[in-house]
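Written out below as C-alpha cells is the structure these notes cover.
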Amino acid sequence: MQKKRVMTLVLSAVLAMSALTACGSSREGAPASAPAATEEKTETADAAADTSADASADASADAAGAGFEAGATIGISLPWLGTQNWKEAETMFAEQLSAAGYNPIVQAADQKVPQQQQQIESMIENGAKVIVVGPIDGTQLGSVLEKAKAAGVYVIGYDRLIENTEAVDGVVQFGSVRTGVMQGQALLDGLKALKGDAPYNVELFGGGPADPNAPNFFTGAMSVLQPEIDAGNIVIVSGQTDFTQCATEDWDNSKAQKRMDSLLAGNYSDKEIDGVLSPNDGIARAIITSCEDAGQPNPVVTGLDAENESVEWVWQGKQYCTVAKPTKDLVAKSVEIINSLQAGNGMPSTDVKTDNGKIEVPIYELDPVVVTKDNEKEVFADDPDRMALLK
Ligand code: BGC
C-alpha cells in the first residue's frame with residue numbers, strides 16, 4: 001500500500017517534471033500538475049468517480065452560495081509540532097483566525113494517525129465550518145474527511161496533499177517537487193562553489209515516507225542529481241539512491257543522525273564526504289552534527305524551513321543552505337480562502353490541479369526561496385525575528 005502510493009507519487013512527479021521542462025514553467029502541483037496528464041486522466045478515467053466528484057462540486061456550490069456565520073468555528077488539524085513550521089502554524093492560525101472573528105480549534109496530533117482522525121471527528125462534532133488539515137499520512141484520512149463533507153464542512157489541505165479521497169476542496173502549499181528541484185540544484189551549486197572540481201562524494205536523505213511531500217522533495221532533487229550521478233560527477237559512496245533507503249521515518253532527526261553515523265563509519269573511514277542532500281533543517285543539523293562527531297570537514301548540506309537554528313548555521317557557514325517557505329504566507333493564504341468561503345464566494349479559482357489518486361484537487365501554490373549566506377539578509381529583510389539571528 002505504502003509502496004504503491006510512493007510509486008504513484010514518483011510517477012506523477014516525473015510527469016510533472018517533464019511538463020515543467022517541456023513548458024519551461026516553474027509551476028507545479030504536488031505530486032503532478034502536468035496539464036496533459038491531468039486532462040487525459042479526467043477525460044479517460046473513472047466515469048463513476050466523475051459522477052460523484054460532480055455531486056460533491058454541486059454540494060460545494062450550494063454551500064458556497066450560503067456562506068456561514070462570521071464567528072464560525074474553524075478546525076485546524078496539524079500533524080505534529082516537531083519542526084518550527086508547524087509550531088509557527090499553530091500560533092499563527094490561532095492569532096489570525098481570532099483576529100478575523102472566528103472561533104479557532106487548533107490541534108496537533110504527535111505523528112499518530114488515530115489521534116489526528118479523532119481530533120478531526122471532534123472538530124466536526126463541534127460544528128466546524130472549515131477544517132484545515134496537514135495530514136500525518138496523506139492516505140489515512142479519507143473516511144473521517146468524508147464524514148466532514150457529509151456534514152457540509154469544507155476541507156482544505158495545508159502544506160501536504162490529502163490523497164485518495166474526494167473529500168478535499170483544495171490544498172494550500174509550496175510546490176513540493178519544485179522545492180526538491182531547488183534543494184538538488186543548491187546542493188550541486190554548493191559543491192561546485194566550495195568543494196573544488198568533481199567528482200564529489202555525496203549521500204542522500206529523504207523525509208518521512210507517510211508524508212506525501214517527502215517522496216516529491218526527493219524526486220525533485222533527483223531530477224537534478226541523477227544526471228550528475230550518471231556522468232560520474234557525483235558519487236553516492238554508499239550506493240543508497242532509492243527513496244525507501246534514504247527516507248527518515250517520521251522525520252525523526254535522531255534516526256537521520258544514526259543513519260549518517262553508520263554511513264560514515266561504513267563508507268568514509270578513508271575518504272571525505274563532500275555533500276549531503278537533506279530534506280529539511282532538523283535533519284540537516286543532525287547530519288552536520290554526525291559529520292562533526294566523525295571528524296569530517298563540513299560537507300555542503302541542504303535544508304528546508306528556515307528554522308531559527310539553521311538560519312544561524314547558514315549565516316555561520318555550518319549549513320550551506322535552507323529553503324524558506326514562510327508559514328505566515330501559507331497561513332494567510334488559508335485564512336483568505338476561509339474568508340471567501342465565509343462570505344459565500346466558494347473556493348477561489350486556480351489553474352493548478354493535482355491528481356490525488358481520486359480527483360483533481362485545486363492547488364493554491366506559493367513560491368519557496370533558496371537561502372544561502374549570500375542572500376540571507378535580503379530574504380529575511382521583512383522578518384525581524386530571523387534578521388536578529390544574523391550577526
Ligand atoms: C513540511 C516541512 C517539514 C516536514 C517535517 C513537511 O511536510 O513541508 O516543512 O519540515 O514536513 O515536519
Discussion item. Restricting everything to alpha-carbon atoms, can you work out Rg to Rh for the stretch 184-298 with a Kirkwood hydrodynamic radius?
Written reply: 0.93
Worksheet item: To the nearest 10 square angstrom, what accessible area does Leu188 show with a 1.4 Å probe?
Response: 10
Discussion item. Can you tally the net charge around Cys291? Count Lys and Arg as +1, Asp and Glu as -1, for every other residue whose Cβ sits under 12 Å from the Cβ of Cys291.
Written reply: -4
Worksheet entry | Accessible area, probe 1.4 Å, largest first, for residues Ser77, Ser98 | Ser98, Ser77
Worksheet entry | Principal axis dimensions, the stretch 231-293 - Cα atoms, whole angstrom, descending | 31, 26, 18
Fill in: Residues in the stretch 110-131 reached by a label modelled at Asp252 [backbone nitrogen below 19 Å; 7 Å Cα→Cβ]
110-116
Fill in: Cα→Cβ-extended label distance, 7 Å offset, between Ala332 and Ala66, nm
3.2
Item to complete: Please work out the average accessible area per residue across the stretch 213-283, using the 1.4 Å probe convention, and give it in Å².
Response: 39
Worksheet item: Can you give the accessible area of Asp197, probe radius 1.4 Å, in Å² rounded to 10?
Response: 140
Worksheet item: Are any of the pairs Lys195/Lys318; Lys258/Lys373; Lys271/Lys391; Lys195/Lys255; Lys192/Lys318; Lys192/Lys328 more than 23 Å apart by Cα-Cα distance, and if so, which?
Response: Lys258/Lys373; Lys271/Lys391; Lys195/Lys255; Lys192/Lys328
Worksheet item: Sorted by accessible area (1.4 Å probe), largest first, how do Val331, Val235 line up?
Response: Val235, Val331
Fill in: Cα centre as origin, Lys/Arg/Asp/Glu Cβ charges: the stretch 248-289 dipole, Debye
60
Worksheet item: Can you give the accessible area of Asp270 in Å² (nearest 10), computed on protein heavy atoms with a 1.4 Å probe?
Response: 120
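The values are calculated or read from the model by the stated rules, or taken from the named source; none is laboratory data. Fair warning: this is a prediction, and the values are worked out from it, not measured in the lab. Don't worry about glycine lacking a Cβ; one is built from the backbone with ideal geometry, like all the others, and counts go over all protein chains shown. With ligands, DNA and RNA removed, areas are computed over all heavy atoms of the protein, side chains included. Shrake-Rupley method; radii C 1.70, N 1.55, O 1.52, S 1.80 Å.
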